[in-house]
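Have a look at the structure below before the remarks.
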């Protein structure tokens, strides 16, 4: 199955000049959703890790089934004010603005190994933030996996030094 055919492209969203890759159409198609998760699982099995780390919301949609299939723990990274216990807060830049993320301070410890999973690699801001958060808490990031990579943006360069794998690649 060619997953790129199941991804809707919305021009000028969320602002002019952005070509948004909408995975809701892929998620809507049971065969495409299964193929996407299966492809990410095939990548994930190549790494030794304890937890999948993913940011809301689309990272949750992809990361939790992978964690389930591989019998790994899942650690949610949320927008500010959504986690009930003590958090580590980190602000970062997006493709089209700024944002902040939080993780429970007790979710990772020294020696834990994490795999970052997200729907999209664009500028690398969200993943870079998650890497910094995980490392601040003592964990090692073994790799970053994405359903989609926008190769014309600097995400891969921003994550230099970390292994990056993607299922669907857009060159322009």
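Within segment 103-115, which residues are more than 16 Å from residue 56 (Cα to Cα) and either in contact with a helix residue (DSSP H, G or I) (Cβ under 7 Å, 6 or more places away or on another chain) or part of a strand (DSSP E or B) (or both)? 108, 113, 114, listed by residue number.
Does residue 45 meet the test of being in contact with a helix residue (DSSP H, G or I) (Cβ under 8 Å, 6 or more places away or on another chain) and either exposed (fewer than 15 other Cβ atoms within 10 Å of the Cβ) or at positive phi (or both)? Don't jump to the end; show me each part of the working.
Values: in contact with a helix residue (DSSP H, G or I) (Cβ under 8 Å, 6 or more places away or on another chain): yes; either exposed (fewer than 15 other Cβ atoms within 10 Å of the Cβ) or at positive phi (or both): yes.
In short, yes.
Candidates are the residues of segment 22-31 that are closer than 17 Å to residue 60 by Cα and touching a residue at least 12 places away in the same chain (Cβ under 8 Å); the one that is surrounded by the fewest Cβ atoms within 10 Å (Cβ to Cβ) is 24. Please go through segment 142-172 and pick out each residue that is free of Cβ contacts under 8 Å to residues at least 40 places away in the same chain, surrounded by 17 or more Cβ atoms within 10 Å (Cβ to Cβ) and in a strand (DSSP E or B). 144, 146, 149, listed by residue number. Residue-level check: of (1) closer than 25 Å to residue 3 by Cβ; (2) in a strand (DSSP E or B), residue 92 misses just (1).
Check 15, 79 and return the single one that is within 28 Å of residue 104 (Cα to Cα) and out of contact with any strand residue (DSSP E or B) (no Cβ under 6 Å at 6 or more places or on another chain). Spell out how you get there, then give the answer.
Working: 15 fails: within 28 Å of residue 104 (Cα to Cα).
Going through 15, 79 in turn, just one is within 28 Å of residue 104 (Cα to Cα) and out of contact with any strand residue (DSSP E or B) (no Cβ under 6 Å at 6 or more places or on another chain): 79.
If you go through segment 62-75 and keep only what is surrounded by 22 or more Cβ atoms within 10 Å (Cβ to Cβ) and in a loop (DSSP other than H, G, I, E, B), you end up with nothing.
For (1) over 27 Å from residue 91 (Cα atoms); (2) surrounded by 17 or more Cβ atoms within 10 Å (Cβ to Cβ); (3) under 15 Å from the mean Cα position of the chain (by Cα), each residue gets a yes or a no:
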| position | (1), (2), (3) |
| --- | --- |
| 13 | no, no, no |
| 39 | yes, yes, yes |
| 51 | no, yes, yes |
| 59 | no, yes, yes |
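When segment 116-138 is limited to residues that are over 18 Å from residue 160 (Cβ atoms) and touching a helix residue (DSSP H, G or I) at 6+ places or on another chain (Cβ under 9 Å), the one that is surrounded by the most Cβ atoms within 10 Å (Cβ to Cβ) turns out to be 117. Pairs are defined by a Cβ separation below 6 Å, a sequence spacing of at least 6 or placement on different chains, a first member in segment 69-90 that is without any contact (Cβ under 8 Å) to a residue 40 or more places away in the chain, and a second member that is in a loop (DSSP other than H, G, I, E, B) and surrounded by fewer than 18 Cβ atoms within 10 Å (Cβ to Cβ); the pairs so defined are 78/56; 86/105.
Right, residue 85: surrounded by fewer than 17 Cβ atoms within 10 Å (Cβ to Cβ), outside any strand (DSSP E or B) and either at positive phi or touching a strand residue (DSSP E or B) at 6+ places or on another chain (Cβ under 7 Å) (or both) or not? Yes: the conditions hold for residue 85.
Only strands (runs of 3 or more DSSP E) whose full extent lies in segment 1-61 are considered here, and the ones with at least 1 residues that are at pLDDT below 95 are 19-22.
The values are calculated or read from the model by the stated rules, or taken from the named source; none is laboratory data. Quick caveat: nothing in here was measured; it's all calculated off a predicted structure. Counting neighbours? That spans all protein chains shown, and the Cβs are built from the backbone with ideal geometry, glycine included.
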